[in-house]
Amino acid sequence: MNDTDAVKPPHNSPDTEPYGNESPAQPFPKQAFLAMMLEPRATLSAVLASDTPRKGFVFLLVVIVLASGLETLFSGDMAEASSPELFGFGFGLLVAAPIALGFMYLSAWLTRLVGRLFGGEGELGDMVTGMVWAQVPALISLGLSILLFALFGTELITNPDAITEGGTLKGLLAVGIGLLQIVFAVWGLVLSVAALSVTLNISLWRSVGVHLVIILFFILLAVAVVMMMDDPSVLWS
């Protein structure tokens, strides 16, 4: 795709020139969750241009937190957790949404800095809205996690070997659910690229470039942190 394929900025973007006879905001798109899965750029543009651009925002944010929390809970890593640790995990889920929102704004700020190197510009609010809507596949992942719990019950939490000990049929179903969750997680990355192209008003290829730079930055940051933890003297060398 050529760089000229960048979508138009939302009506509330600073890149949009003001004019006297501004048309009224568009209605919120119908079946927006499904439409975002299939036509992400057009759907997100319609969401941002609507009179209620934050409609469904809190709901999706909570779904993202719950989907991530249940995947952690059902992974078997907390099978040996004590009651206080489980209580702390539950309390963490309660405060995770506002914390996640804060990190999204921080990430959007960093992403906008990188995006400017690729000729992009956008509002932080629109970028965070795009980040949340790009995770629409979390709705399906949450449903799959609930299905997994329905198959194995509380043993999924208390027994790390619940899936292998659950029988052939349940095991195959669990593998299938796991593969589907991976597929939808990858699709979430694809939607993230599409969403960023809308909120920064750049082409898809430039959006891919922004994502790669951000990923490289965090990899280098993680390596630096690990090196400092192993040998704090590297700070002064």
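What follows draws every value from the coordinates through simple rules; no lab data is involved. Since the structure is predicted, the reported quantities are computational estimates derived from the model, not experimental observations. No Cβ is skipped: glycine too gets one built from the backbone with ideal geometry, and neighbour counts run over all protein chains shown.
Ranked from highest to lowest mean number of other Cβ atoms within 10 Å per residue, what is the order of the peptides 127-136, 108-117, 93-102?
Highest-to-lowest ranking by the protection proxy: 127-136, 108-117, 93-102.
Restricting the trypsin sites (Lys or Arg not before Pro) of segment 29-61 to loop positions (DSSP other than H, G, I, E, B) with no more than 10 neighbouring Cβ atoms within 10 Å leaves Lys30.
If you keep only loop residues by DSSP, which chymotrypsin sites (Phe, Trp or Tyr not before Pro) in segment 167-237 have at most 16 other Cβ atoms within 10 Å of their Cβ? Don't skip to the answer; put the middle values down first.
Working: sites: Phe184, Trp187, Trp205, Phe217, Phe218, Trp236; in loops: Trp236.
Hits after loop and neighbour filter: Trp236.
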